[in-house]
Each structure stands twice: as C-alpha cells, then as structure tokens.
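Since every read-out is calculated from the coordinates, none of them should be taken as a lab result. What you see is a predicted model, and the numbers here were worked out from it, not measured in a lab. Cβ placement follows ideal geometry from the backbone for every residue including glycine, while neighbour counts extend to all protein chains displayed.
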Amino acid sequence: MTEDDIAQIKDAQNFNTSFARGLKVIRAFDAMHPRLSVAGVAERTKLDRAVARRLLLTLVEEGFAKQEGKTFELTAKILTLGYSYLSAMGLDQRLQPYLDELSAQLEQAVSVSVLDGSETIFIARSERVGQIMAYVVRTGLRLSAFSSASGRVLLADLPQDELDRRLADTEMVALTPFTKTDKSAVRDEISRARMNGYCVNEQELEEGLLSVSVPIHGPDGRVRAALNTNCTYTKALQIGFVETAVPLMRSFASQIGPLMH
C-alpha cells in the first residue's frame, strides 16, 4: 500500500466509519466469546453501547447474527463473507480433495490457515472422527500466530522489519505451561521454521498436543498459506510422526500451491 493509499484512507471522504465499526463488532465474536451482550460487544470494541446495539441489530436484520434474550451470536450466514475470499483465491471445493487424501494418509485432521495480523485463520480443514482436543480446528478458527506452528511458518516469510513490528505489538499469553512467552525465544522459533522449512509446536497450544506445519507457496513463490496437522504428543514420539508427516505434507503443499492465485 502506497503513502497515497494511506492518505486516502485517512481522508474522511474515503473512509466509512460505520462500516469499519460493523467489522469491529463482527470480530468481537470468537471461540472464547461466541455469545455477547450489547455491553460485552461495547467493551470488546470500545464502542458506545448505543452504537454497538444499532450495529448488532443491523446484523440481526441482515441475517448475520441472531438475538436470544439479551445476548447475540453470529449465524452461519457470516461464512458467506469468508466464502467470497476462498472463491477469489480459487480454493473452495478444489482444495478439499487434497486435504481429505492427506488426512487419510496421516490418519489425523489436517487444515489450511492464512495470516491475519498477529493471528492465523483456518480457512479449510479435513476432520478425523474421534479426535479429541480442547480446541476443535474448524474453518474460521483464529489462533495466535506467535504461539502456533502455522503462525510461525507464515511469520517466517515476512520481511524482518515487519516481523519485528508485529512481535513488538503483540502481547504474549501463556496458553499452557509450555507456551513460549519470551519474545527472543519466539523469534528463535520463527527463525528455525524459516531455516527448516517447517515448524513443530510441542504442547504450546494445548497440553498433550503436537502440531506440525509446512508452508504453501503460491505460483509467485511467496508463502500464501500453511498446511497443518496435529497428533497427541505421546503418540507422535512413539511413531516418529514428524519424520513421517513433514515429507508427505510438503508433497501435498506443492500440489495445493498452484491453487493459491
């Protein structure tokens, strides 16, 4: 984005405050906050309660949210916004066969995620029946980029100054006793992911869980997404999961890459 673009955005004639506030309201809902009151939305978005209420009722009227008593939650219609992104990238149904096949070969759930600021967003997945985790990988799930294998793979492709800026602006939160919160240690993990071409995360997101991610390069050679899988930590050590998974995931990533236009 050029300086002229930034200047235009800041120009009131080219910036719609109401639309921006509506997006903030949508982003207020997440896995930890699936249902929110007007006061809850106002607190999370720093908006006036009257403004938050009007925006929530607008979402309800348009079918993107529903109201039960004093609480609101998003509806499945919100996924149509994300589907527009997937269609524009050419991923939609063409991606699923690759994920299903990889999941069958690994006998584990697999997913694809992209970077959004300091978070990763899961845009596609193939599930395995019977897997039990504290968090369920689903389309739309957001995770800290700095604490997840997928995030570190994606961050590894950023220019150093951009990586440093995002790292400086991010508060490290310990999700388990194993989560790295020292920024130097996190930077080292990102550097290791860049050097190795994959990332292994051991119990930093959930105790007992090992995650593996490899980059998906687009036709231009840039990292466009991350291909991810996970396994219970104990089983992963017993069967040499990382050694088996990484080559297979790289092979599938190379097949998926041409779809990332």
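Note on region 80-259: Kirkwood hydrodynamic radius from all Cα pairs is 16.2 Å, rounded to one decimal.
Distance check, please: which entries in Lys46/Lys180; Lys24/Lys66; Lys46/Lys66; Lys180/Lys235 exceed 25 angstrom between their Cα atoms? Cα-Cα > 25 Å for Lys46/Lys180; rest within. Among Cys231, Cys199, sorting on how many other beta-carbon atoms sit within 10 Å of each Cβ, with the fewest leading, yields Cys231, Cys199.
When both region 243-261 and region 27-42 are represented by their alpha-carbon centers, they are found 36 Å apart.
Multiplying the residue separation of Ile26 and Ser118 by 0.36 nm and removing their Cα-Cα distance gives an extension gain of 31.4 nm.
Taking 0.36 nm per residue of separation and subtracting the current Cα-Cα distance, fully stretching the chain between Gln67 and Gln96 would add 7.1 nm. Our estimate of slack between Asp182 and Ser37, defined as 0.36 nm per intervening residue step minus the Cα-Cα distance, is 48.7 nm.
For region 164-261, the Kirkwood estimate of the hydrodynamic radius, built from every pair of different alpha carbons, is 14.7 Å. Computing FRET efficiency as 1/(1 + (r/R0)^6) for Leu79 and Thr58, where r is the C-beta to C-beta distance and R0 is 22 Å, gives about 0.75.
The packing ranking of peptides 109-116, 191-198, highest mean first, is 109-116, 191-198, where packing means the average number of other beta carbon atoms within 10 angstrom of each residue.
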